[in-house]
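See below for the structure under consideration.
The values are calculated or read from the model by the stated rules, or taken from the named source; none is laboratory data. Since this is a predicted model, take the numbers as computed values, not measurements. For neighbour counting, all protein chains shown are included, and Cβ atoms are generated from backbone atoms with ideal geometry for every residue, glycine included. The area values use the complete protein model at the heavy-atom level, side chains included, leaving out ligands, DNA and RNA. Shrake-Rupley method; radii C 1.70, N 1.55, O 1.52, S 1.80 Å.
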Amino acid sequence: MSPKRASTSGEGPTKRSPDPDTPGEPRVLQASVGAFIAAYARHLPLLGLLEQQTRSDPHVRELWKEIRERPVHRHARYIRRLAAEGRAAPVAEPLAVARVVGGMCVEFARLTAAAPGTSEAAVRDVTAMYLHLLGAGPRPPREPRS
(Lines give C-alpha, C1' and ligand atoms only; values in the text may rest on other atoms or scores of the structure.)
Protein backbone atom coordinates (compact mmCIF):
# COMPACT_ATOMS: atom_id res chain seq x y z
CA MET A 1 0.00 0.00 0.00
CA SER A 2 1.49 3.34 -1.01
CA PRO A 3 1.29 6.36 1.31
CA LYS A 4 -1.17 9.07 0.37
CA ARG A 5 0.32 12.37 -0.65
CA ALA A 6 -0.86 15.65 0.77
CA SER A 7 -2.93 17.72 -1.60
CA THR A 8 -2.91 21.48 -1.88
CA SER A 9 -5.69 21.52 -4.45
CA GLY A 10 -8.44 20.90 -1.93
CA GLU A 11 -8.91 17.33 -3.16
CA GLY A 12 -7.93 14.32 -1.14
CA PRO A 13 -6.05 14.30 2.16
CA THR A 14 -4.54 17.52 3.39
CA LYS A 15 -1.20 17.93 5.06
CA ARG A 16 -1.47 18.48 8.81
CA SER A 17 0.32 21.33 10.48
CA PRO A 18 3.49 20.38 12.33
CA ASP A 19 3.34 19.08 15.89
CA PRO A 20 4.12 21.84 18.44
CA ASP A 21 5.73 19.22 20.71
CA THR A 22 8.42 18.46 18.16
CA PRO A 23 11.71 20.33 18.56
CA GLY A 24 11.31 22.28 15.31
CA GLU A 25 7.75 23.52 15.93
CA PRO A 26 8.58 26.93 17.46
CA ARG A 27 10.73 27.59 14.38
CA VAL A 28 7.82 26.61 12.12
CA LEU A 29 5.47 28.90 14.04
CA GLN A 30 8.07 31.68 13.89
CA ALA A 31 8.46 31.18 10.13
CA SER A 32 4.67 31.31 9.68
CA VAL A 33 4.35 34.47 11.77
CA GLY A 34 7.26 36.02 9.89
CA ALA A 35 5.78 35.18 6.50
CA PHE A 36 2.39 36.65 7.47
CA ILE A 37 3.91 39.86 8.85
CA ALA A 38 6.17 40.29 5.81
CA ALA A 39 3.37 39.65 3.30
CA TYR A 40 0.92 41.94 5.09
CA ALA A 41 3.53 44.70 5.38
CA ARG A 42 4.48 44.30 1.71
CA HIS A 43 0.84 44.54 0.57
CA LEU A 44 -0.29 47.12 3.13
CA PRO A 45 -1.11 49.81 0.53
CA LEU A 46 -3.43 47.45 -1.40
CA LEU A 47 -4.98 46.05 1.79
CA GLY A 48 -5.62 49.59 3.01
CA LEU A 49 -7.40 50.46 -0.23
CA LEU A 50 -9.52 47.31 -0.01
CA GLU A 51 -10.47 48.09 3.56
CA GLN A 52 -11.37 51.67 2.62
CA GLN A 53 -13.47 50.46 -0.32
CA THR A 54 -15.53 48.22 2.01
CA ARG A 55 -17.32 51.32 3.28
CA SER A 56 -19.02 51.94 -0.06
CA ASP A 57 -18.97 48.66 -2.01
CA PRO A 58 -20.88 45.65 -0.65
CA HIS A 59 -19.03 43.24 -2.98
CA VAL A 60 -15.66 44.41 -1.74
CA ARG A 61 -17.02 44.25 1.83
CA GLU A 62 -17.83 40.55 1.36
CA LEU A 63 -14.42 39.90 -0.22
CA TRP A 64 -12.67 41.70 2.65
CA LYS A 65 -14.67 39.71 5.20
CA GLU A 66 -13.56 36.46 3.55
CA ILE A 67 -9.93 37.64 3.37
CA ARG A 68 -10.02 38.33 7.12
CA GLU A 69 -12.22 35.51 8.38
CA ARG A 70 -11.17 32.44 6.41
CA PRO A 71 -7.63 32.25 7.86
CA VAL A 72 -8.90 33.01 11.37
CA HIS A 73 -11.37 30.12 11.27
CA ARG A 74 -8.75 27.80 9.75
CA HIS A 75 -6.38 28.78 12.53
CA ALA A 76 -9.08 28.17 15.18
CA ARG A 77 -9.65 24.65 13.78
CA TYR A 78 -5.90 24.01 14.03
CA ILE A 79 -5.86 25.17 17.66
CA ARG A 80 -8.91 23.01 18.47
CA ARG A 81 -7.20 19.99 16.95
CA LEU A 82 -4.01 20.63 18.94
CA ALA A 83 -6.06 20.95 22.13
CA ALA A 84 -8.08 17.79 21.39
CA GLU A 85 -4.84 15.88 20.82
CA GLY A 86 -3.42 17.21 24.09
CA ARG A 87 -0.65 19.12 22.33
CA ALA A 88 -1.82 22.59 23.35
CA ALA A 89 -3.73 24.15 26.22
CA PRO A 90 -5.02 27.45 24.80
CA VAL A 91 -5.57 30.17 27.35
CA ALA A 92 -8.96 31.06 25.81
CA GLU A 93 -11.46 29.68 23.31
CA PRO A 94 -9.57 28.78 20.10
CA LEU A 95 -11.45 31.28 17.92
CA ALA A 96 -10.55 34.06 20.37
CA VAL A 97 -6.88 32.98 20.35
CA ALA A 98 -6.90 32.85 16.54
CA ARG A 99 -8.36 36.37 16.36
CA VAL A 100 -5.81 37.73 18.83
CA VAL A 101 -2.87 36.15 17.01
CA GLY A 102 -4.18 37.49 13.70
CA GLY A 103 -4.63 40.95 15.19
CA MET A 104 -1.12 40.92 16.63
CA CYS A 105 0.30 39.93 13.26
CA VAL A 106 -1.59 42.72 11.48
CA GLU A 107 -0.54 45.36 14.02
CA PHE A 108 3.10 44.29 13.94
CA ALA A 109 2.98 44.21 10.12
CA ARG A 110 1.87 47.84 10.16
CA LEU A 111 4.67 48.73 12.57
CA THR A 112 7.19 46.80 10.47
CA ALA A 113 6.03 48.54 7.28
CA ALA A 114 6.70 51.89 8.98
CA ALA A 115 10.06 50.77 10.45
CA PRO A 116 11.46 47.81 8.45
CA GLY A 117 14.38 47.35 10.84
CA THR A 118 11.96 46.14 13.51
CA SER A 119 10.86 43.01 11.65
CA GLU A 120 13.07 40.51 13.48
CA ALA A 121 11.99 41.73 16.93
CA ALA A 122 8.33 41.82 15.84
CA VAL A 123 8.43 38.22 14.64
CA ARG A 124 10.23 37.09 17.80
CA ASP A 125 7.78 38.84 20.11
CA VAL A 126 4.60 37.78 18.28
CA THR A 127 5.86 34.17 18.17
CA ALA A 128 6.56 34.19 21.91
CA MET A 129 3.08 35.56 22.67
CA TYR A 130 1.51 33.07 20.25
CA LEU A 131 3.22 30.13 21.97
CA HIS A 132 2.03 31.37 25.36
CA LEU A 133 -1.54 31.76 24.08
CA LEU A 134 -1.34 28.15 22.86
CA GLY A 135 -0.14 27.09 26.29
CA ALA A 136 3.03 25.85 24.61
CA GLY A 137 5.52 28.58 25.47
CA PRO A 138 8.34 28.38 27.95
CA ARG A 139 7.36 28.96 31.56
CA PRO A 140 7.81 32.58 32.60
CA PRO A 141 10.54 33.28 35.16
CA ARG A 142 9.44 33.37 38.78
CA GLU A 143 11.01 36.77 39.34
CA PRO A 144 10.92 39.73 36.96
CA ARG A 145 14.02 40.10 34.82
CA SER A 146 16.27 43.07 35.48
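Things worth noting here:
- Between residue 100 and residue 46, residue separation times 0.36 nm minus the direct Cα-Cα distance comes to 17.2 nm.
- Ranked by the mean number of other Cβ atoms within 10 Å of their residues, highest first, the peptides 56-69, 99-112, 77-90 fall in the order 99-112, 77-90, 56-69.
- With a simple spin-label model that places each label point 7 Å from the Cα along the Cα-to-Cβ direction, the separation between residue 70 and residue 111 comes to 2.9 nm.
- Fraction of accessible area attributable to carbon and sulfur, the stretch 29-103 (%, probe 1.4 Å): 60
- The residues of the stretch 24-146 present an accessible area of 64 Å² per residue when probed at 1.4 Å with all protein chains retained.
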